[in-house]
Amino acid sequence: MRQGGEQRSAAQAPRGDRKVVAMLRIPCAERAGWEQLAEEFGFRFYAIDGEAYWDESAYYQFTLAQIERDIEDPTAELHQMCLAVVDAVVADEQLLRKCCIPPEHWELVRDSWLASEPSLYSRMDFAYDGRGPAKFYENNADTPTSLYETGFWQWLWLEQQVNDGVLGRDADQFNSLQDKLVERFAQLALDKPGEVLHFSCSKDSEEDRGTVQYLEDCASEAGVPNAFIYIEDIGEGEQGALTDLEDRIIRWMFKLYPWEFMLREDYSRLLPGAAVSWLEPPWKSVLSNKALLPLLWQRFPGHPNLLPAYFEDDLANSGLQQFVKKPIFAREGANVAIYREGREVLASPGPYGEEGFIYQDYAPLPKFGGNYTLLGSWLVDDQPAGLSVREDHSLITQDSARYLPHIIKDY
Amino acid sequence: MSSKQPELITKPSARKRSRSINLARMRKSRPDFTLKPMAVAVAAAGLAGCGPSTREAQIYQSAEECIADHPSYTQRCQAAYSNALRESRENGQRYGSMDGCEDDFGLGGCERRGSYFSPLMAAFLFAPSYSRGYYPLYSSSAYSSPYYGKWTTHHGEHYPKQAGNNKVVLTQKTISRGGFGSTTAAKSKWGGSSSRGGWGG
């Protein structure tokens, strides 16, 4: 692929140092018949209501240094910083209140942290154009999706493009996600010999069901017996256990369903007594919560990967001129608003916001070929494990954003 | 092999992507494939042919008794026993006095644990096919105790003590469903129906 075919970021030109360049967005021939392949592998949501979701008409190219220095290392470090925040929050009722954890579940969240209940995975979102530090937008630590597209589908794309000679054999990808997920399940099963891991998600979302199916495949690959039940079908046993549709007692469960919902629903009353080992564990409710962002900034002010962030009470004295208002709880970019010079310039609709908002310094996404690009950096437990790239026509990335594959290649 | 090896620019050890993926497992190409039956099939495959039937569990009073029944499950029996014992110590019932505890679990059926008293684990449930492989069980030698003549978990499930039959079905009668999932229903009303738009993020 020649330089002429590359689209550079519209952001400012490289500063002096010739090596400091943006990552590249490179148009690329699509694999013939990939839609059929997607059907064959059960990847059903590659298009949404006729709009492309998986988009292999281009890919992003990073250098190994960009990946390791600017994404992988900061991801590991930020994760540890996030864990330090959890440690502080569970010990402080005022902070638990800031995180909008219902008081009746403080003990559940605290106990799960103090017992070091294991986690499975997370995705951190970053604004990064290849130059300078990646800026941490938020942490999807409880129910991250686009997992299948990342761990498997873009991996398969690269294997095939290399085998077909479209990409060179030196092309790599920051993506050990599937290897690490399988290893992690095998490791978790050591403490639960022979136990069935129940998987769950909400009905009526093909994407969520696909994500959970992928995790079931990884668990099966690791030799972990597993079963599936929709979250709406979970039962209340007469002695207070959670039961599946065969009345079996659920003791170990992965749920692609947010803790902030579960803790406010009827069966939350069963949680203290039901003795379920949860993936993700209840302490993740602190991390997938936008209150994390001001709490991080309070503890690590000036950290190069953090954006200044404030609670509502502190906004007036923050000096922020341009900022992004984010609900404490929200999904898929809903109810986010961008303010410049005190005026709202862009806002996304949505059903969230009743718990309040936080305010984060405005650091817009870089623009490549007319698209705003958001990076997702994955962790399995505390290990950085891969990268996903989403593009949207809007500065606020929503669930309409397309997914593009990436490669690592030094040039 | 020729003397000149193909040039590897990225050393295999430095590769940053998954080494290999079992494509056969990832393929879902049955024409009538739907997700739900597949999930059930996976679960069944995970359980079939590995020892006790999927609907049964057994009660044992020692790891040795369990191993005698399942010679190929030595480690699982030992793990179930020690996990049950740990669970019993961490989450067993607590009484303020030895007398109170022994009223329920009989003379010699309890021990002091720091500032409180708890029943001794009398047996354990070995349930390798269930979502948890073990449960501590309690019983009482006192006729007047509600725990007499049966095995009871600290969640209150109980199983009959039957000579010559240590098999139990580990389920709990379901008295309601639908207590999780109400938030999505409420939020979905805002967004209308969508094949995507899940509750992940």
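The values are calculated or read from the model by the stated rules, or taken from the named source; none is laboratory data. From a predicted model like this one, the values you see are computed outputs, not experimental measurements. As a convention, Cβ positions derive from the backbone with ideal geometry for all residues, glycine included, and neighbour counts pool all protein chains shown. All accessible areas refer to the heavy atoms of the entire protein, side chains included, with ligands and DNA or RNA removed. Shrake-Rupley method; radii C 1.70, N 1.55, O 1.52, S 1.80 Å.
Determine which residues of segment A:194-222 fall in the zone a paramagnetic label at A:Ala186 would reach in this model, i.e. backbone nitrogen under 20 Å from the point 7 Å along Cα→Cβ. What the label zone holds, given the 20 Å backbone N cut-off, is A:194-197, A:214-222. Association of chains B and A removes close to 7300 square angstrom of accessible area from solvent, both sides included, for a probe radius of 1.4 Å.
GluC sites (Glu not before Pro), restricted to segment A:316-355: which are DSSP loop and have at most 10 other Cβ atoms within 10 Å?
On the way: sites: A:Glu332, A:Glu341, A:Glu344, A:Glu354, A:Glu355; in loops: A:Glu332, A:Glu341, A:Glu354, A:Glu355.
Here the sparse-neighbourhood loop sites are A:Glu341, A:Glu354.
With the convex hull drawn over the C-alpha atoms of segment A:196-337, the volume per residue is 155 Å³. Per residue, the convex hull spanned by the Cα atoms of the protein assembly as shown measures out at 184 cubic angstrom. Charge dipole of chain A (Cα centre as origin; +1 on each Lys and Arg Cβ, -1 on each Asp and Glu Cβ, all else neutral): 1640 debye, rounded to the nearest 20. For chain A, the solvent-accessible area works out to 35 Å² per residue, with a probe of 1.4 Å and every protein chain left in place.
Which whole-number percent of Cα pairs in segment A:210-255 have a distance greater than 16 Å? Before the final figure, lay out each step's value.
Values: 419 of 1035 pairs.
The share of Cα pairs beyond 16 Å in segment A:210-255 comes to 40 percent.
Kirkwood's formula applied to the C-alpha pairs of segment A:270-381 gives a hydrodynamic radius of 16.0 angstrom. A simple rule links phi to the HN-Hα coupling: the Karplus curve 6.51 cos²θ - 1.76 cosθ + 1.60 with θ = phi - 60°, which for segment A:165-170 gives x, 6, 10, x, 5, 7 Hz, with x for Gly and Pro.
Shown is the FRET efficiency for A:Val162 and A:His393, computed with R0 = 25 Å from the Cβ-Cβ distance and rounded to the nearest 0.05: 0.25.
Once both labels are positioned 7 Å from their Cα atoms along Cα-to-Cβ, the gap between B:Gln93 and A:Ala316 label points is 5.7 nm. Per residue of A:201-210, other chain Cβ atoms within 10 Å of the residue Cβ number 6 on average. Structure note, pairs A:Lys98/A:Lys255; A:Lys180/A:Lys326; A:Lys98/A:Lys325; A:Lys180/A:Lys284; A:Lys180/A:Lys255: Cα-Cα distances above 22 angstrom occur for A:Lys98/A:Lys255; A:Lys180/A:Lys326.
The mean of 1/r over all pairs of different alpha-carbon atoms in segment B:66-157, once inverted, gives a Kirkwood hydrodynamic radius of 13.7 Å.
Return the average number of partner chain Cβ atoms within 10 angstrom of each residue Cβ along peptide A:211-219.
Numbers: counts 2, 4, 7, 1, 0, 6, 7, 4, 2.
Mean shielding count: 4.
Counting, for every residue in A:223-235, the Cβ atoms of other protein chains within 10 Å of its Cβ and taking the mean gives 6.
Compute the normalised compactness of segment A:89-186: alpha-carbon radius of gyration over 2.2 N^0.38 Å, N being the residue count. Walk me through the numbers before you get to the answer.
Numbers: Rg = 19.1 Å, N = 98, 2.2 N^0.38 = 12.6 Å.
Rg over 2.2 N^0.38 Å, computed on Cα atoms: 1.52.
Using a 1.4 Å probe on the protein chains only, how many percent of the accessible area of segment A:274-355 belongs to carbon and sulfur? The partial results should precede the final answer.
Working: 1470 of 3210 Å².
Percent of accessible area from carbon and sulfur atoms in segment A:274-355: 46.
In this structure, the amide hydrogen of A:Tyr137, modeled 1.01 Å from its nitrogen in the peptide plane, lies closer than 5 angstrom to those of A:Asp125, A:Phe126, A:Ala127, counting only residues at least 5 positions away or on a different chain.
Coupling constants for segment A:397-404 follow from the phi torsions by the Karplus curve (6.51 cos²θ - 1.76 cosθ + 1.60, θ = phi - 60°), and in residue order they are 6, 10, 6, 7, 4, 7, 9, 10 Hz; glycine and proline get x. Beta bridges per DSSP, both residues in chain A: antiparallel share near 80 percent.
Springs join every pair of Cα atoms under 10 Å in this Gaussian network model of chain A, and among A:Tyr359, A:Tyr128, A:Tyr230 the largest mean-square fluctuation is at A:Tyr230. Shown for segment A:265-288: residues covered by the partner protein chains by 10 Å² or more of accessible area relative to the chain by itself (probe radius 1.4 Å), namely A:Glu265, A:Asp266, A:Tyr267, A:Gly273, A:Ala275. Which residue fluctuates most in the GNM of chain A (Cα springs below 10 Å): A:Met262, A:Met124, A:Met253? Checking each option, the largest mean-square fluctuation is seen for A:Met262.
Given +1 on the Cβ of Lys and Arg, -1 on the Cβ of Asp and Glu, and no further charges, what dipole in debye does segment A:124-210 carry about its Cα centre, rounded to the nearest 20?
Numbers: 8 positive and 17 negative charges, 38 e Å.
Its charge dipole is roughly 180 debye.
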